[in-house]
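K.L.:
Take this structure first; my questions come after.
The values are calculated or read from the model by the stated rules, or taken from the named source; none is laboratory data. Remember, predicted model here, so these are calculated numbers, not experimental data. Virtual Cβ from ideal backbone geometry, glycine too; neighbours counted across all protein chains shown. Only protein heavy atoms, including side chains, enter the accessible area calculation; ligands, DNA and RNA are left aside. Shrake-Rupley method; radii C 1.70, N 1.55, O 1.52, S 1.80 Å.
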Amino acid sequence: QVQLVESGGGLVQAGGSLTLSCVTSKVTAVDYNMAWHRQAPGKQRELVARIARDGTTNYADSVKGRFTISRGNAKNTVNLQIDSLLPQDTDVYYCNANLYNMVYWGEGTAVTVSS
């Protein structure tokens, strides 16, 4: 069974930093397009960053310059470095792996930013 497990969330003060990690099992992250999404209660899930298989990265306008997505040294890891955290970054962050019609999601890790 394919699993994506996120970690690294927590409570942090505004202006601080976090690194979220996503570890995949039964699939190898380097073989997939990987992405991080976030969702607040009652709101739609939104894409914040993605890294394609060729290494191309894209970011939501709201996080450009503050979020950095990267593949880890291990082939089954993708990270999201979050700097200059804002209270509006408070969300549950989800890891996503996708390739053609295959889409997998993790269960999320919660980030809370205090002002």
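K.L.:
So which residues in region 68-115 are β-branched (Val, Ile, Thr), open to solvent by 20 Å² or more (accessible area, probe 1.4 Å), touching a residue at least 24 places away in the same chain (Cβ under 8 Å) and within 25 Å of VAL2 (Cβ to Cβ), if there are any at all?
P.N.:
Those that are β-branched (Val, Ile, Thr), open to solvent by 20 Å² or more (accessible area, probe 1.4 Å), touching a residue at least 24 places away in the same chain (Cβ under 8 Å) and within 25 Å of VAL2 (Cβ to Cβ): THR77, VAL92.
K.L.:
Please find, among GLY65, GLY42, GLY15, the residue that is exposed (fewer than 12 other Cβ atoms within 10 Å of the Cβ) and touching a Ser or Thr at 6+ places or on another chain (Cβ under 7 Å).
P.N.:
One residue alone meets the criteria, GLY15.
K.L.:
Let me ask something else about it. May I ask you to say which residue of VAL23, VAL48 is of a type in the set (A, V, I, L, M, F, W, C) and either under 21 Å from SER62 (Cβ atoms) or open to solvent by 70 Å² or more (accessible area, probe 1.4 Å) (or both)?
P.N.:
VAL48
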